[in-house]
Every structure is written in structure tokens, then in C-alpha cells.
Amino acid sequence: MIRSIHAAQRLDSRGCPTVQVELTTEKGTFRAIVPSGASTGINEAVELRDGDESAYGGRGVQGAVLNIQNVIGPSLLESNFRVDTDQKKIDQFLKELDGTKNKERLGANGILGVSMACARAGAAHSGIPLYEFLRREAGANYPFVMPVPFFNVLNGGVHSGNKMAFQETMIAPVGASSITEAVKMGSEVYQHLKKVIIEKFGSSAIGIGDEGGFAPPISEPHEALDLLVQAVSNAGLSGKIKFAIDPASSEFFRESKYDIGFKGATKLKTAKEMMGLYQSLLEEYPVVLLEDPFAQNDWDSWTEFNKACPVELVGDDLLVTNPVYVQMARYKDACNAMLLKINQIGTISEAIEGANLAYSYDWGVFVSHRSGEMTDDFIADLAVGLRTGHLKSGAPYGGKCLFAGSQFKSASKF
Ligand code: PGA
Ligand code: ZN
């Protein structure tokens, strides 16, 4: 059924190399391009980089490409899997072919590209859209629901050059009655935010970060949220937009303390002080979701905060989309939602397994892009297929934004 598999090196939204896969069957050629993170969790599946400093500063992916061309492709072709019915078998095969715990031999970037392309081919051969194929793979039959897009409109942390320690401050148009209206609201607030930033800091302050959000010269989370309150009010959308925060705190966790001045003068806070800071943000602003407020190895703080956390508490670096850590978090009662990033685990079937496990605990699932993206719209279908209700999509900016391009072309039928 699979006639050929071809891989190539392409550039992502940061201008860094990434893997593209083209898989051909008798029904056509199915393409997938793989995302890449900057604030990666220590337990993520391994993204294979060449390490050859003479090309792309060591960040080339020719090794991963060759692994697809020379190892994965020929083995998969020989195995004669059916793309319409065998996604789980294909993903298991890819996992075993690699043979390591974290896909470090063949590279999770290469493996994921093949897994995604197989899913696209599988949908075409089943005669159904990708989101429906993914719902079927999840063993589910619920009605489709369009997700609320969470736009990351203010960038900090390792995604920008300002002094802001917190990586992401997002707007969620929960008051929209359709995805079209949600996108419009997101775009309008984004444009108003730009004006607010210019008024406050001058026109040189509207530079953007890795996820398309602005990166003005602020350093405190209160300043970020005040800017959003102003922009939402100027857009006439007060009450219709909620906020979400991803401090990506593993990035500034140093010897049991959180250095929220890590991009300037050191400003250490204990986990207890961080809890106080989060409580004040939750009381003062309409924040509905908090992601990675504590570091990936600071499990006790997660558990303590989760006891009385009134909002969605999402594990990103903590869980790395891996069923093993999802189970551990459940055992420790550390959070109430899982972030789903397909390249953290490396195959579509394992990502779906993680989501199903989270659902079995009555947790939320938050499908997410990475800070290094491309124009592939796979995760829009995944959010619809898994009925996650929300999707972390980047700012309404640039070709990588899930909503600036064609991301919802299939899902928007609903
Ligand atoms: P990353 O960040 O894609 O750079 O890892 C995104 C996040 O932390 O959610
Ligand atoms: Zn995160």
C-alpha cells in the first residue's frame, strides 16, 4: 500500500532545520512536517540533531532524514502495513525499530514525521477527514466540537529577548459562538494590544517573540496581564476573553528556587512564594488555565498547589505527553490536565494513548503547537478528533499561526 517514503530537511518558523516526510500510496502523496520546541522537558523523546557545527550551528537534521530514507522507509515498505487500519501497528513497529526508550537511535523527529504522514494517508484511504480518522484511532464516537483557540499574544522566557521570565500569556475567546468569531476576537485583541504597547513603550517595542506574540520591555506577570486587560477593553470584548499563563518554570528553576529575574538581575522565589504569586494572579485577573507553574522535578509543589487549584492546571514539561508520567502525575495528584505535543512522544498512537489516559482520570487535554512550527495543520485536526475543547495555537501572526493559514480548512466544516 505504501509505495515510497521520502524525507527532506526544511526550515521551521525559527529558521531552524526540521524534517519533512512525503509518503506515497496509490491514492497520492501525503506530507508531514515536524515541529520543534525551545523550552523542552528533560523527559521528552529525543530530537535527533546532526551536531555538525559547520552546518546550521549543529542543528541540521540530515541524520534523521537519512534514517527515514535508509532505515525506516525500506523497513516499512517491506512490512506491507495497511495505512487505513494499521496506524497502531505502524507506530508500534516504528517504536520497536528504534528500540530505545526515548527514540534516540532513529530520532523522534523522523519517526513522528512518518507517523503523521501515515495518519494522513490512512484518512485518505478510509475516505474520511483526518480529524475523523484520529477520532476513530482514539476509539471514540463523540460529536465533533471546535476548540477554543488560546492565542499566545505576549512572549517572554526563552522565546523572547525581553526581561519577562514568564514564557507565555495567552488570550482565550471563550465568549465566541463559533471558531470564526473566536479567530476574529483573537485578531482584534492582538491589534489593540499592539496599539497599547506603542502608546506605553513606543513603536520600537512591538517586536515579536518565537510564538508570534509581542515581547515588550516588561518583566512582571502583572504588567503582562494589565496590558491584556487594556487591549481586551479597547477591543470592546471585556467578559468574552479569558487569560491563560504558561510560565514554563522549569527554565528558571535553580537549586530549589525560582529565579523570576533569570534574564536580568537574579530574583529568587521559593515555591511557596510562587504559589502566593499565582494565587494573586488568579484572584485579580480572569485566568482560567495555568501551565507548568512549577518545574518538572518539583513534584511536591505541584501536588500541594493542585489541592486547592481553582483552574485548569496543565502539565507540559511535567508529563511530556508520555503515559508513564501521566500515570505518575495521577498517582501524585499533581495536576488536572495534560498538554499534548506530538513531538514530545514521537508517534500519533502514543499521543492518543496519553490523551485517553488523561480522559480516564477526568482530566482536560490541551493540544499544543511548539515554538518552532511550520505550516502543517495536523494538530488542528487532532484537537477536533480528540474533542479537547481547546487548542494552544500561537498568536494570530505569520504563516505558522494555526489560524492565519489554512489550519481549519477541514475542521471548519462543523
Ligand atoms: P516550546 O514551548 O515549544 O518552546 O517547548 C512551548 C511550551 O512550553 O508550552
Ligand atoms: Zn508549556
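Please compare each pair in K195/K242; K307/K332; K163/K269; K307/K392; K200/K269; K88/K341 to a cut-off of 22 Å on the Cα-Cα distance and tell me which ones are over it. Present the calculation step by step, with values, prior to reporting the outcome.
Working: K195/K242 20 Å; K307/K332 11 Å; K163/K269 16 Å; K307/K392 25 Å; K200/K269 28 Å; K88/K341 18 Å.
Long pairs (Cα-Cα over 22 Å): K307/K392; K200/K269.
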FRET E, pair T266, Q327, Förster distance 41 Å, beta-carbon r, rounded to 0.05: 0.70
Which shape class applies to segment 193-315: rounded if a/c is under 1.5, otherwise prolate when a/b exceeds b/c and oblate if not, where a ≥ b ≥ c are the square roots of the Cα gyration tensor eigenvalues? oblate
Cα-based shape type of segment 145-413, given that a ≥ b ≥ c are square roots of the gyration tensor eigenvalues and the cut on a/c is 1.5: oblate
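Per 0.36 nm of contour for each residue apart, how much would the distance between S360 and D226 grow if the chain were fully extended, relative to their Cα-Cα spacing?
Details: separation 134, 0.36 × 134 = 48.24 nm, distance 3.70 nm.
Between S360 and D226, full extension yields 44.5 nm more.
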Take every Cα pair under 8 Å in segment 2-127 that's 6+ residues apart, average their separations, divide by the length, and report that relative contact order as a whole percent. 32
Starting from the Cα of A8, move 7 Å in the Cα-to-Cβ direction to define the label point; list residues of segment 48-78 whose amide nitrogen is under 13 Å from there. none
Listed by chain and number, the residues whose amide H is under 5 Å from that of E104, excluding neighbours fewer than 5 places away on the same chain and using placed H, are V46
Where does helix 108-126 land angle-wise versus the long Cα axis of the chain, in degrees 0 to 90, nearest 10? 70
The long-range amide H neighbours of H390, using H built 1.01 Å from N in the peptide plane and a cut-off of under 5 Å, are V148, V367
Approximate spin-label separation Y142-E26, in nm, with each point projected 7 Å along Cα-to-Cβ: 3.7
Answer rounded, prolate or oblate for segment 116-221, using the Cα gyration tensor with square roots of eigenvalues a ≥ b ≥ c: rounded when a/c is under 1.5, else prolate when a/b is larger than b/c, else oblate. prolate
Skipping prolines and chain starts, which residues have an amide H placed within reach, meaning under 5 Å, of the one on T25, given they are 5 or more residues away or on another chain? R3, F30
Can you compute 3J(HN,Hα) from phi for each residue in segment 129-141, using the Karplus curve 6.51 cos²θ - 1.76 cosθ + 1.60 with θ = phi - 60°, rounded to whole Hz and x for Gly and Pro? x, 4, 4, 6, 4, 5, 5, 5, 4, 7, x, 10, 9
Springs between alpha-carbon pairs under 10 angstrom, Gaussian network model over the chain: which of N152, N306, N141 fluctuates most? N141
Sort out for me the Cα centre separation of segment 276-345 from segment 174-202, rounded to whole Å. 27
What are the ³J(HN,Hα) values, in whole Hz, obtained from phi via the Karplus relation 6.51 cos²θ - 1.76 cosθ + 1.60 with θ = phi - 60°, for each residue of segment 159-175 in sequence order, with x given for Gly and Pro? 8, 8, x, 7, 8, 5, 6, 5, 6, 9, 10, 10, 10, 10, x, 5, x
Multiplying the sequence separation of K184 and E273 by 0.36 nm and subtracting their Cα-Cα distance, what value in nm do you get? 28.3 nm
For the chain, find the longest principal axis of its Cα atoms and tell me its angle to the long axis of helix 323-332, 0 to 90°, nearest 10. 40
Using 0.36 nm times the number of residues separating D300 and T100, minus their current alpha carbon distance, what extension gain do you get? 69.1 nm
So which aspartates and glutamates pass the test for K103, namely a Cα distance under 13 Å, with those fewer than 8 places away in the same chain ruled out? E44, E47, D91, E350
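Read-outs: derived from the displayed coordinates by stated rules, not from any lab. What you see is a predicted model, and the numbers here were worked out from it, not measured in a lab. Don't worry about glycine lacking a Cβ; one is built from the backbone with ideal geometry, like all the others, and counts go over all protein chains shown.
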